[in-house]
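A quick write-up on the structure given underneath.
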Amino acid sequence: MPFETPWHDDRANDLRTLIESAWMNTQQRSEPAVMQAVEDVMAALDQGWLRTASPHDNGEWEVHEWVKMAVLMYFPTHTSRVLEAGDLAFYDKVPLKTNFAQLGIRVVPPAIIRYSAFVEKDCVVMPSFINVGARVGLGTLVDTWATVGSCAQVGRRVHLSGGVGIGGVLEPIQARPVIIEDDCFVGSRCIVVEGVHLEQGVVLGAGVTLTGSSPILDVSGSVTQVLKGRVPARSVVIPGAMTKTFPSGSAQVSCALIIGKRHAGTDLKTSLNDTLREFEVSV
């Protein structure tokens with residue numbers, strides 16, 4: 001349902017009160033006011049008025065648990081129905097996003113964007129999948145067979161290459177989604193899951209896998225630094241391996257290597273191309 005008036009904080013606070021109360025008391029979930037609140041939250045997500053996580057000025061992100069509660073409460077209040085797109089047919093509880101021309105985004109068949117995902121104008125969505133509650137920023141390319149999981153936050157001017165897997169998270173409700181800030185480049189077949197946070201301008205070479213517990217080794221300086229869960233701004237990252245000792249002996253396990261920094265203060269496309277050539281990064 002489209003909103004006829006701009007979103008405002010008072011409205012969000014009213015919805016939050018209803019949603020949080022019904023989350024604690026399941027008997028309230030069938031009340032008309034609560035069911036309408038769930039619908040309003042889904043519509044607000046779909047149109048970009050709300051989001052499941054948002055940044056603060058200090059660079060940290062806040063998870064809006066009550067918004068995720070509403071998404072989870074949407075499913076049991078709806079029944080599956082046949083959804084048709086030409087010769088294609090689906091059977092699901094969540095409608096497909098439409099009105100792409102009005103939204104100003106290019107969507108190449110058979111791309112799927114589910115209702116409640118927000119995609120800003122000037123995005124190009126190749127045959128791929130964007131799940132509920134996700135957010136994709138202005139001018140971003142979601143390339144062929146890429147997946148943007150539920151509630152994932154993808155910034156502006158990001159390039160998600162072919163076959164990229166961006167993980168989703170609805171439960172537990174306090175869990176942070178994957179966050180990819182503006183101007184990042186994620187190479188082919190990369191996997192980013194479990195709330196990993198890529199800061200602005202990060203470049204991931206092809207095949208990098210990042211989970212919440214993956215070792216991220218910064219080997220660009222004289223001393224190796226070990227990070228987890230977050231990649232610093234403009235870092236250039238490639239797949240790597242490290243030796244780990246087990247009771248039966250040593251073995252090589254996967255890790256990610258930060259091998260340098262993308263140049264700051266220059267044209268983004270030029271900076272990216274220079275970075276890929278300088279560090280011989282496969283994309």
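When region 216-229 is filtered for residues that are within 26 Å of the chain's Cα centre (by Cα) and either at pLDDT below 95 or surrounded by fewer than 17 Cβ atoms within 10 Å (Cβ to Cβ) (or both), the ones remaining, listed by number, are 226, 227, 228, 229.
Here's the yes/no breakdown for (1) in contact with a strand residue (DSSP E or B) (Cβ under 8 Å, 6 or more places away or on another chain); (2) over 19 Å from residue 106 (Cβ atoms):
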site	(1), (2)
146	yes, no
152	yes, yes
171	no, yes
183	no, yes
196	yes, yes
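Is it true that some residue in region 199-215 is modelled with pLDDT of 95 or more, assigned by TED's automatic domain parsing to the domain that holds residue 263 and under 12 Å from the mean Cα position of the chain (by Cα)? For region 199-215, residues modelled with pLDDT of 95 or more, assigned by TED's automatic domain parsing to the domain that holds residue 263 and under 12 Å from the mean Cα position of the chain (by Cα): absent.
Considering region 63-83, the residues that are closer than 21 Å to residue 24 by Cα and free of Cβ contacts under 8 Å to residues at least 24 places away in the same chain include one that is surrounded by the most Cβ atoms within 10 Å (Cβ to Cβ), namely 64.
Out of everything in region 41-61 that is of a type in the set (D, E, K, R) and either modelled with pLDDT of 95 or more or in contact with a Phe, Trp or Tyr (Cβ under 8 Å, 6 or more places away or on another chain) (or both), what residue ends up being surrounded by the fewest Cβ atoms within 10 Å (Cβ to Cβ)?
Let us first name the residues in region 41-61 that are of a type in the set (D, E, K, R), namely 46, 51, 57, 60.
Narrowing further to those that are either modelled with pLDDT of 95 or more or in contact with a Phe, Trp or Tyr (Cβ under 8 Å, 6 or more places away or on another chain) (or both): 46, 51.
On the way: 46: 23, 51: 18.
The extreme case among them is 51.
From 219, 283, grab the single residue that is in contact (Cβ under 8 Å) with a residue 12 or more places away in the chain, farther than 23 Å from residue 62 by Cα and not assigned by TED's automatic domain parsing to the domain that holds residue 159. I'd like the intermediate steps shown before the answer.
Working: 219 fails: not assigned by TED's automatic domain parsing to the domain that holds residue 159.
Every option except 283 fails the conditions.
Looking at this structure, is residue 12 at pLDDT 95 or above, at negative phi and surrounded by 11 or more Cβ atoms within 10 Å (Cβ to Cβ)? No: the conditions fail for residue 12. The numbered conditions (1) assigned by TED's automatic domain parsing to the domain that holds residue 145; (2) within 17 Å of residue 168 (Cα to Cα) are all true for residue 72 except (1). Taken over region 101-122, the criterion of being touching a residue at least 60 places away in the same chain (Cβ under 8 Å) and either surrounded by 19 or more Cβ atoms within 10 Å (Cβ to Cβ) or among the hydrophobic types (A, V, I, L, M, F, W, C) (or both) is satisfied by 116, 117, 118.
Residue-wise test of (1) among the aromatic types (Phe, Trp, Tyr); (2) touching a Gly at 6+ places or on another chain (Cβ under 8 Å); (3) within 25 Å of residue 128 (Cα to Cα).
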| position | (1), (2), (3) |
| --- | --- |
| 175 | no, yes, yes |
| 186 | no, no, yes |
| 225 | no, no, no |
| 258 | no, no, no |
| 279 | yes, yes, no |
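Conditions tested, residue by residue: (1) assigned by TED's automatic domain parsing to the domain that holds residue 198; (2) among the β-branched types (Val, Ile, Thr).
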{"position": "94", "(1), (2)": "no, yes"}
{"position": "100", "(1), (2)": "no, no"}
{"position": "114", "(1), (2)": "yes, no"}
{"position": "131", "(1), (2)": "yes, no"}
{"position": "160", "(1), (2)": "yes, no"}
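Residues that are closer than 17 Å to residue 181 by Cα, free of Cβ contacts under 8 Å to residues at least 60 places away in the same chain and part of a loop (DSSP other than H, G, I, E, B) were ranked within region 123-142; the one that is nearest to the chain's Cα centre (by Cα) is 134.
Residues that are surrounded by 11 or more Cβ atoms within 10 Å (Cβ to Cβ) and without any contact (Cβ under 8 Å) to a residue 40 or more places away in the chain within region 89-100 comprise 90, 92, 93, 94, 95, 96, 98, 100, listed in sequence order. Listed conditions (1) in contact with a strand residue (DSSP E or B) (Cβ under 7 Å, 6 or more places away or on another chain); (2) closer than 25 Å to residue 37 by Cα are all met by residue 99, apart from (1).
The values are calculated or read from the model by the stated rules, or taken from the named source; none is laboratory data. None of the values given here were measured: they were computed from a predicted structure. With ideal geometry, Cβ positions are generated from the backbone for all residues, glycine too; neighbour counts draw on all protein chains shown.
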